[in-house]
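Here the structure is laid out as structure tokens; the discussion comes afterwards.
The values are calculated or read from the model by the stated rules, or taken from the named source; none is laboratory data. Since the structure is predicted, the reported quantities are computational estimates derived from the model, not experimental observations. As a convention, Cβ positions derive from the backbone with ideal geometry for all residues, glycine included, and neighbour counts pool all protein chains shown. For accessibility, only protein heavy atoms count, side chains too; no ligands or nucleic acids. Shrake-Rupley method; radii C 1.70, N 1.55, O 1.52, S 1.80 Å.
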Amino acid sequence: RDPLWSRGLGDVYKRQDFPTRDIGSASYNAMATATNQKGKARNSWGHSVPRINNTLQSRGREFEGRILETEFLESSDRVVMDILPAYELPVMESLVRTMLNDKSGVGTIVVTDEFVAKEAVTFGTAIMTYAKYDILDSNTIILTTEHYRMRADIVSKGGALKIVDEVVPVILGSFKTAYRIGVDFVDPLEKGSISIRLSLIHISEPTRPER
């Protein structure tokens with residue numbers, strides 16, 4: 001129904017304790033109450049995709065993204081998507097997401113969102129996680145779980161960034177606390193880009209019990 005980057009980031013790694021992954025949906029009890037804040041775990045607020053002028057992606061097949069380019073090699077994969085159709089924002093002229101999967105070493109994923117608008121807009125994206133995390137500065141975040149340690153390096157073009165982290169205010173099916181780490185431009189812009197580079201800096205495989 002949408003071009004959520006969880007298709008290219010959170011779901012690439014299937015281990016349950018991986019630092020970045022789809023946080024899942026709300027529990028039955030949460031969805032049955034008015035306190036779930038309109039399904040923040042299910043809509044694009046709870047996924048690692050852009051939020052523009054405080055507007056989320058629209059729901060429905062007619063708002064799906066469009067694949068522009070693909071390249072699948074032994075060393076890397078690259079997918080370029082037009083995700084502008086997901087937003088009902090006439091002020092936007094273009095919104096392109098490029099996902100690069102570098103397979104060398106332990107692997108690196110880079111997701112870049114580049115936009116052009118007719119007038120200055122507020123723009124940001126997010127990292128969704130269950131992990132413990134340390135915000136070192138506005139361009140660097142370390143995420144840690146039991147078996148993994150990941151570094152997120154963030155680069156912007158067009159303006160300075162700010163990191164705004166918050167708890168996902170929904171009781172999730174996992175009954176764990178999830179976080180939305182917002183990566184936003186400080187000031188409105190007519191054009192710009194945000195690249196988030198995720199690389200593993202530590203892997204500790206779980207010990208299998210002896211039979």
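Looking at this structure, is ARG197 modelled with pLDDT of 95 or more and open to solvent by 10 Å² or more (accessible area, probe 1.4 Å)? Yes, satisfied. Inside region 129-149, residues that are open to solvent by 20 Å² or more (accessible area, probe 1.4 Å), touching a residue at least 24 places away in the same chain (Cβ under 8 Å) and part of a loop (DSSP other than H, G, I, E, B) make up a count of 5. Does at least one position in region 143-158 carry a residue that is in contact with a His (Cβ under 8 Å, 6 or more places away or on another chain) and of a type outside the set (S, T, N, Q)? Yes, that holds for at least one residue. Confirm whether GLY105 is free of Cβ contacts under 8 Å to residues at least 24 places away in the same chain, out of contact with any Ser or Thr (no Cβ under 8 Å at 6 or more places or on another chain) and not acidic (Asp, Glu). So GLY105 fits the description; yes. Can you tell me which residue is least open to solvent (accessible area, probe 1.4 Å) among those in region 61-86 that are touching a helix residue (DSSP H, G or I) at 6+ places or on another chain (Cβ under 8 Å) and not in a helix (DSSP H, G or I)? Only one residue tops the list, namely GLY65.
Looking at VAL110, VAL49, just one residue is open to solvent by less than 60 Å² (accessible area, probe 1.4 Å) and either at pLDDT 95 or above or small (Gly, Ala, Ser) (or both), and that residue is VAL110.
For region 113-128, filtering for residues that are assigned to a loop (DSSP other than H, G, I, E, B) and either among the basic types (Lys, Arg) or open to solvent by less than 30 Å² (accessible area, probe 1.4 Å) (or both) leaves 0.
Selection within region 76-107: residues that are of a type in the set (Gly, Ala, Ser) and modelled with pLDDT under 95. The member of this set that is nearest to MET150 (Cα to Cα) is GLY107.
Give the residues of region 87-103 that are over 18 Å from THR122 (Cα atoms) and open to solvent by less than 50 Å² (accessible area, probe 1.4 Å), sorted by residue number. Passing the criteria: THR98, MET99, ASN101.
Every residue, every condition in (1) modelled with pLDDT under 90; (2) touching a Leu at 6+ places or on another chain (Cβ under 7 Å); (3) farther than 30 Å from SER94 by Cβ; (4) surrounded by 18 or more Cβ atoms within 10 Å (Cβ to Cβ), yes or no:
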{"residue": "ARG151", "(1), (2), (3), (4)": "no, no, no, no"}
{"residue": "VAL183", "(1), (2), (3), (4)": "no, yes, no, yes"}
{"residue": "ILE203", "(1), (2), (3), (4)": "yes, no, yes, no"}
{"residue": "ARG208", "(1), (2), (3), (4)": "yes, no, yes, no"}
